[in-house]
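Below you'll find the structure, written out as structure tokens, and then a few comments.
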């Protein structure tokens, strides 16, 4: 691990990803982020009465849920075929940030590396994991394309409400149902218990690390979305996209956007202000391909090195309530297209490699002669990956997967700091000096004094808030143990993992994490 810095600004910048290129021509330069919606699409947005209206993404959508399909009914299908305008993009962006008064809910998504307990250096295909988990899933949820029973459990829901899915490299994801924090944690914990037992019976184990410390990336999924995504990242000229798809894992936390516009903006600002502190505190990806990377969270640094039009944060961190939806719309317009749906003899998704943005397409300068429809906008929004993504809720995407049952600590801490008013106010004040430490966060973790002080204060605030939020003894005890082992000592999970790696090597590090 790097030596402790003398100031929180000590960190080396990473070069942005090269522009995506066509298979036959040099890549154009990355389109800059527009200063306004007008410059993004060459049109002045208007919200006059009577303007064409795009169907709502769903103000009732809760964290951890899935937005309604834009083609759910005849009227929606008609709209999806028509060209969208900048006004439509603006409305879509506003629908991604709905007010949701009432009891707060959290959706927990945990991603896991799947490892063979005997041959830990061998990639595990999703088919093997599915076969091991099939007994947990009702037969009616295991139906193949031909209508017959199939061993593929992707999309199946476990008794606790967690939906099973796979990432391209075979990582297993459990997406919990949106529930109040105590219930959400309990449900995912129960589902993980039965998943781990079923995998153990099949000679497999779940490992919680931000990056695979040993195995090279292996791309297993062949659906057109992931094939197109792989083609897009390959066109950037470096491997980080493939690594993120096939060798990384995270803990994702989905929280209500807020009670009203002012509350949404407050929660948005706090989610970004917390980012360097939480990235540092929960850094857990120090090793890759059998070598120490020199970063506490190499996963974070790899995200920072990818296409900045789709991975940088949305607008300024301290954006106002009046500007937030506009900033999200600008982001969508300025992001390069990753994939495109085509019709004809071979319908499906194909990679876009010419560097054009959604705003270019609206101007008539896109990768195809047809204008973009609403379906294209919805698809495009699923291919951008800012640290905090609005989807009808706030999707906190910047945390490494955690060893063992450590996942519940970032879930509890992040939820408490955003959902409890007293903790939120204290965290905003505690993290104000850490705003410029985001580069140091992935490198030095809590060896940075500014980040360490903010982290310790935030954990203490969260511990107090968890009692008010009704968290159970298991959750509060886990957070208290984490506080004593890491922030109180200026350490992170990455420090412990690095020390263990030096003792037992990458294969031993994987075996240590078997659950």
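Since every read-out is calculated from the coordinates, none of them should be taken as a lab result. All figures in this text were calculated on a predicted structure; none of them were measured in a lab. Positions of Cβ are backbone-derived with ideal geometry, glycine not excepted, and every protein chain shown enters the neighbour counts.
Label-to-label distance for residue 259 and residue 429 is 2.0 nm, based on points extended 7 Å past Cα in the beta-carbon direction.
Available extension along the chain between residue 449 and residue 496 is 15.1 nm, counting 0.36 nm per residue and deducting the alpha carbon span. Taking R0 as 25 Å, what FRET efficiency do you get between residue 139 and residue 201 from their Cβ-Cβ distance, rounded to the nearest 0.05? The computed FRET efficiency comes out at 0.85.
Note on 194, 188: ascending count of other Cβ atoms within 10 Å places them as 194, 188, the fewest first.
Gain in length, residue 225 to residue 480, computed as 0.36 nm per residue apart minus the alpha-carbon separation, to one decimal in nm? Please report the intermediate quantities before stating the final value.
Details: separation 255, 0.36 × 255 = 91.80 nm, distance 4.14 nm.
Difference between extended and current length: 87.7 nm.
Simple spin-label estimate for residue 99 and residue 127 gives 5.3 nm between the two label positions (7 Å along the Cα-to-Cβ direction from each Cα).
Mind ordering 305-311, 393-399 by average Cβ neighbours within 10 Å, highest first? Don't skip to the answer; put the middle values down first.
On the way: 305-311: 20.7, 393-399: 25.1.
The most tightly packed comes first, giving 393-399, 305-311.
Full-extension gain between residue 370 and residue 341, please, as 0.36 nm times their residue separation minus the C-alpha to C-alpha distance. If you can, show how the numbers build up before the last one.
Details: separation 29, 0.36 × 29 = 10.44 nm, distance 1.11 nm.
Value of the extension gain: 9.3 nm.
Remark: spin-label model distance residue 512-residue 473 equals 3.0 nm, labels positioned 7 Å along the Cα→Cβ axis.
When a footprinting reagent is the concern and you count Cβ atoms within 10 Å, what order do 245, 281 take, fewest first? Spell out each step's value before the answer.
Details: 245 19, 281 30.
If I rank by nearby Cβ atoms, fewest first, I get 245, 281.
How do 456, 446 rank when sorted from fewest to most other Cβ atoms within 10 Å of their own Cβ? Sorted ascending by nearby Cβ count, the order is 456, 446.
The range 422-493 and the range 353-390 have Cα centres spaced 37 Å apart.
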